[in-house]
Amino acid sequence: MDFTYLNNTLESWAIALAVLLGATLAMHWLRRLALHKMQALSERTSTMADDLVARMLRKTYLLILVLLSAYLASLVLELTERQRLVVSRIAIAALILQLAIWGDTLLRAWRDHYRQADGPRKSSRTIVCFMARLALWVVAFLMVLDNFGFNITALVASLGVGGIAVALAVQNILGDLFASLSIMLDKPFEIGDFIIVGDVLGSVEHIGLKTTRLRGLGGEQVIFSNGDLLKSRIHNHKRMDTRRVAFVLRVAYGTSDAQLTRVPVLIREVVDADPMAAFERAHFFNYGEWSLNFEVVYHFQSPDYIAHMDTQQAILLDIYRRFEREGIRFAHPLSIVRMADGVAPPQPHAVTPVSSFRH
């Protein structure tokens with residue numbers, strides 16, 4: 001008489017055991033083969049994709065392969081509906097767990113890859129990775145519960161209500177947190193950038209989860225909440241390709257026509273002599289109350305402010321020397337006093353020349 005167990009003969013159990021062992025060994029061998037190929041490929045290339053696949057394969061666990069093989073083995077057995085349902089649910093739970101492990105591995109690999117390349121923002125990337133991993137495991141946990149027949153509708157609803165209550169309680173903190181994530185992803189500025197926010201000028205020193213810190217021109221540290229910072233208009237001077245410089249030269253009345261015609265030519269020669277300055281224009285643009293006004297515009301080919309000031313100083317000094325050689329006089333504001341008794345007035349009092357610069 002044939003031996004039977006759970007309505008299956010000894011031969012059926014032997015076949016199922018053979019399928020279990022064969023499927024497990026086959027999947028394990030394929031995993032090792034693929035891992036070997038990916039490791040060899042990652043050594044020859046600099047791309048990140050093959051490294052990620054290799055890390056995922058290392059996180060493929062033998063126990064999960066055995067559970068999946070057990071499901072395949074159950075297909076050759078005569079099982080009741082309830083028994084088959086239990087086996088299938090265990091296999092699906094194992095598959096969900098393995099997918100969650102692979103996803104978690106990808107997220108941690110992304111975090112580790114950018115941790116060295118983007119050190120100043122590692123805190124933001126860490127919190128993004130944590131939130132993504134938390135969401136991944138919560139979803140995986142809910143899927144496993146649903147797979148085993150639990151009603152997760154009430155659980156999801158309660159989590160939603162609790163989440164809304166927590167969000168309302170810490171909305172300012174969450175606002176700054178999401179603003180930090182926005183700064184990290186959009187990158188309107190980075191560590192070391194010189195920015196202007198309202199009437200505050202300074203270099204970005206730290207970008208945190210709640211605040212961003214600037215080092216002001218006076219040496220003080222200015223702290224902005226990330227939410228307030230993104231609501232402001234930010235001028236990022238570090239990302240300027242060129243700097244436009246405009247200023248006015250005031251020439252004295254009485255300058256000859258030939259000298260006035262010569263002024264724009266002299267200015268062009270001075271600006272063109274500097275390799276970092278690109279001349280745009282120099283024009284006699286209006287008659288002032290006490291001067292003939294020339295507007296000069298050029299572009300400095302670097303965002304470096306100190307280098308820009310050095311070049312501007314050299315250009316102004318050279319213009320001064322050229323004017324002295326050409327006999328062109330700068331204008332000075334004059335104040336003349338006329339005496340009622342006919343006495344000759346004193347000599348006009350010279351005031352410091354006035355120049356205006358626009359950058």
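The values are calculated or read from the model by the stated rules, or taken from the named source; none is laboratory data. As the structure is a computational prediction, the values presented were derived from the model and not from experiment. We place every Cβ from the backbone using ideal geometry, glycine too, and count neighbours over all the protein chains shown. Ligands, DNA and RNA are stripped out before the accessible areas are found, and what is left, the full protein with its side chains, is counted by its heavy atoms. Shrake-Rupley method; radii C 1.70, N 1.55, O 1.52, S 1.80 Å.
Here are a few things to note about the model shown:
Here is a yes/no grid of residues against (1) more than 21 Å from Trp110 (Cα to Cα); (2) open to solvent by 80 Å² or more (accessible area, probe 1.4 Å):
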position: Leu30; (1), (2): yes, yes
position: Thr47; (1), (2): no, no
position: Arg58; (1), (2): no, yes
position: Ile64; (1), (2): yes, no
position: Leu68; (1), (2): yes, no
position: Ala73; (1), (2): yes, no
position: Ala94; (1), (2): yes, no
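- Remark: pairs (first residue in the stretch 177-204, over 16 Å from Arg239 (Cβ atoms); second residue among the basic types (Lys, Arg) and outside any helix (DSSP H, G or I); Cβ separation under 8 Å; 6+ apart in sequence or on different chains) = Leu177/Lys210; Ser180/Lys210; Gly198/Arg233.
- When the criteria are applied in full, Ser46 meets the requirement of being over 30 Å from Leu145 (Cα atoms) and not acidic (Asp, Glu).
- Some residue of the stretch 227-237 being surrounded by 15 or more Cβ atoms within 10 Å (Cβ to Cβ), among the hydrophobic types (A, V, I, L, M, F, W, C) and more than 30 Å from Ala307 (Cβ to Cβ): yes
Each row is one residue, and each column tells you yes or no for (1) within 30 Å of Ala278 (Cα to Cα); (2) touching a strand residue (DSSP E or B) at 6+ places or on another chain (Cβ under 6 Å); (3) modelled with pLDDT of 90 or more.
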{"residue": "Leu159", "(1), (2), (3)": "no, no, no"}
{"residue": "Asp193", "(1), (2), (3)": "yes, yes, no"}
{"residue": "Gly208", "(1), (2), (3)": "no, no, no"}
{"residue": "Leu249", "(1), (2), (3)": "yes, yes, yes"}
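- Candidate set from the stretch 1-28 (those that are part of a loop (DSSP other than H, G, I, E, B) and out of contact with any strand residue (DSSP E or B) (no Cβ under 8 Å at 6 or more places or on another chain)); member that is least open to solvent (accessible area, probe 1.4 Å): Leu6
- Every listed requirement among (1) open to solvent by 60 Å² or more (accessible area, probe 1.4 Å); (2) modelled with pLDDT of 80 or more; (3) not acidic (Asp, Glu) is met by Ser302 save one, (1).
- Residues that are surrounded by fewer than 11 Cβ atoms within 10 Å (Cβ to Cβ), basic (Lys, Arg) and modelled with pLDDT of 90 or more, drawn from the stretch 322-359: Arg325
- Annotation note: of Trp102, Trp110, the sole residue that is at pLDDT 90 or above, closer than 28 Å to Met184 by Cα and of a type outside the set (Lys, Arg) is Trp102.
- Filtered residues of the stretch 266-281 (kept if open to solvent by less than 60 Å² (accessible area, probe 1.4 Å) and either at pLDDT 95 or above or under 13 Å from Val296 (Cα atoms) (or both)): Leu266, Ile267, Val270, Val271, Ala277, Ala278, Phe279
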